[in-house]
1. Which of the residues spanning region A:215-228 are part of a helix (DSSP H, G or I) and open to solvent by 10 Å² or more (accessible area, probe 1.4 Å)?
2. Scanning for something over 22 Å from A:I126 (Cβ atoms), in contact with a Cys (Cβ under 8 Å, 6 or more places away or on another chain) and either of a type outside the set (G, A, S) or not in a helix (DSSP H, G or I) (or both), does region B:82-98 turn up at least one residue?
3. Test each condition in (1) of a type outside the set (A, V, I, L, M, F, W, C); (2) within 30 Å of B:V188 (Cα to Cα); (3) surrounded by 16 or more Cβ atoms within 10 Å (Cβ to Cβ) for A:Q56 and report the one that comes out false.
4. Which ones in region B:272-293 are more than 12 Å from B:T87 (Cβ to Cβ) and open to solvent by less than 10 Å² (accessible area, probe 1.4 Å)?
5. Check A:V45 against each of (1) assigned to a helix (DSSP H, G or I); (2) open to solvent by less than 70 Å² (accessible area, probe 1.4 Å) and name the one condition it does not meet.
6. If you scan region A:105-121, which residues turn out to be under 18 Å from B:I41 (Cβ atoms), within 11 Å of another protein chain (Cβ to nearest Cβ) and touching a Phe, Trp or Tyr at 6+ places or on another chain (Cβ under 9 Å)?
7. Does A:A173 fit the bill of being under 30 Å from the mean Cα position of the chain (by Cα) and of a type in the set (A, V, I, L, M)?
8. Which one is surrounded by the most Cβ atoms within 10 Å (Cβ to Cβ) among residues in region A:86-103 that are without any contact (Cβ under 8 Å) to a residue 40 or more places away in the chain and assigned to a helix (DSSP H, G or I)?
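The values are calculated or read from the model by the stated rules, or taken from the named source; none is laboratory data. Predicted model only: the values in this text are computed from it and were never measured. Positions of Cβ are generated from backbone atoms using ideal geometry, with glycine treated the same way; all protein chains shown enter the neighbour counts. Remember, those area values only see protein heavy atoms, side chains included, never the ligands or the DNA or RNA. Shrake-Rupley method; radii C 1.70, N 1.55, O 1.52, S 1.80 Å.
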Amino acid sequence: MTETIARRARVTALYICLIVLAVIFSGPLGWLILTSLKAPNELSVFPIQLLPSTPQWHNYIDAITFIDFLGYARNSLILATLSAVLTTISSAWMAYGFARLSAPGKKFWFGLLISTMMMPGIITLIPTYLMFAKMGLVDTYVPWILWGLSGAAYMIFLFRQFFSGMPKELEEAAILDGCGHVRIFWRIFIPQSWPVLAACMVLTFTAAWGDYIAPSLLLSSDRTTLAVAMTAGYVNEKGFPVQNLLAAGSTLFILPVLLMFLFFQRFFVQGFSTSGLK
Amino acid sequence: MTATLEALRDTPPGTARPRSGKRGRAGQRTRTFYLFVGPWIAGFVLLTIFPLAYAFWMSLTNTDGLSPNWSYVGLDNYVRVFQDQQTIASLGRTMVFMLATVPTGVAAGLAMAVLLNRDFRGRALFRALFYLPAVVPGVAAALTFKIIFDKNAGFANAAIGATGGEPISWLADPYVRMVLIFMILWGVGGSMIVSLAALQDVPRELLEAAKVDGAGPVYSFFRITLPLLSPIIFFQVVTGVIGSLQVFVPSLLLAPVNGAAAVTAVPEGNYFFMVHVYAEYFAKSHFGYASALLWVLFLFVLLITGVVFKIGNRAVFYGGVDPSERKD
């Protein structure tokens, strides 16, 4: 009897903890959405007004027309897709080399790869930008193509861990059949590794979609991405932010990431657990 | 070039071509390896080594990035780094920020992972709710926090007002640093997910055996779970330290002014080392001096990472189950 009471108390305590945390963690986004539905005169009233008296759904339409939302969204979409596809394919390509081929120098390069995972990335960004500027590549998508083609160290590592776990017999049989490594990679390894491909796509897409600093350095204001445009666009004639439209725009900006997250949550988690970081 | 072409011809690696002997086959294998790994090596040289070298070269000059009249100034810029009050102050602030966010972030993430590492109704929902903020892009997180902590229309001041307090200028000194730390810790779900994945790899037999031997849950946690988790905790500390030493984008995003001028408007509390570097480059066009600052930061990050590894090697337990032998 006392045992069941103690157990029930424990379960209740657990749920109280979880609910408090859930309120804290979803609070900011909740407030963002509530703000996005308020009329301008409801933004700063005393005392606090939590809910809008009538949800101003047209704020969302206004947010899209206040700035060239769709134009910037298109730029973001192109850039994020380009970056995700190239990074994924090239990371898998290079991981195949590290997982399945041997050559003098392999140990060295792999060690280097692992240490670049800890490279301070922000530090190289500014000189990289200056270099691209000297090469006349500012305001083009070429930098992202180059970044994509050279892969991402963390993703290469992820694929390498996955490929290493695949049975050797697979490619031995293929080699006996006269199949080369390029074809083994495309025909056997790529079709088998869709969970990692999906994880890598989702992670690189969302990273590129949300990235602020690289597009703000490299792209001019009309070619830039939504992430950059969001920060500067929603101001009135006096230069003050239009809070409700800003909130509506931000909600729309987060939406694709949120949807990807909901549909591919599994892959986000898998991305971390399959890597077997040790 | 010929190596690439030959490899592209896609000769089966096992079947030697008529003329080539043993050496030819090894050469072929090496070429295939570099065909696969080559793009990464090229990218590393072009997009990491070269920019670093370029920055080092600039750090020896007084260039402003545009004017053709520049000259070598030797190590003057490096001497200046240590005479610049801003450098020392911003480095100190960065260290405080690191110490405030990394240990709390890792510990909170671990605590939440422990909370979720059991079977109960609604587990998936709570996991998603806690993790969600970590996938919200930094730009959107900053805009959200600016709205919440807005002086006139924000939730924070509204709540303070409801209890009769005076409104606070959250986005100015000294409070803005607190807002930044809240914002960073809001994304602690990322750390939670990594720790949770590791917790689920702790072999059940081990915990059950300990229970049979009479060990309580607290004892098992500190003596079994935590040592098995130490590599992943160490990994989080290393990446957290490296990331927080370079913090600067959140400072820009929380600044009261947006766009290119943001860097000149960052409140002192959020004026971290990398913000200083950025300001020297783009607000003052001191390219030479800013490049020297960048190199000092680079060496500092390497030094701190080295120290963390030195400590970590003693504290981390590597005797766990090899993840490649896992059966799931």
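1. Residues of region A:215-228 that are part of a helix (DSSP H, G or I), as a first pass: A:215-218, A:226-228.
Selection gives A:S216, A:L217, A:V228.
2. No: zero hits.
3. Among (1) of a type outside the set (A, V, I, L, M, F, W, C); (2) within 30 Å of B:V188 (Cα to Cα); (3) surrounded by 16 or more Cβ atoms within 10 Å (Cβ to Cβ), A:Q56 violates only (2).
4. Here is the first cut: in region B:272-293, the residues more than 12 Å from B:T87 (Cβ to Cβ) are B:278, B:281-288, B:291.
Hits for region B:272-293 are B:Y281, B:G288, B:S291.
5. Failing condition for A:V45: (1).
6. Passing the criteria: A:G105, A:K106, A:W109, A:F110, A:L112, A:L113, A:T116, A:M117.
7. Values: under 30 Å from the mean Cα position of the chain (by Cα): no; of a type in the set (A, V, I, L, M): yes.
Answer is no for this residue.
8. Going through region A:86-103, the residues without any contact (Cβ under 8 Å) to a residue 40 or more places away in the chain turn out to be A:89, A:97, A:102-103.
Still in the running and assigned to a helix (DSSP H, G or I): A:89, A:97.
Numbers: A:I89: 17, A:G97: 27.
In this case the residue turns out to be A:G97.
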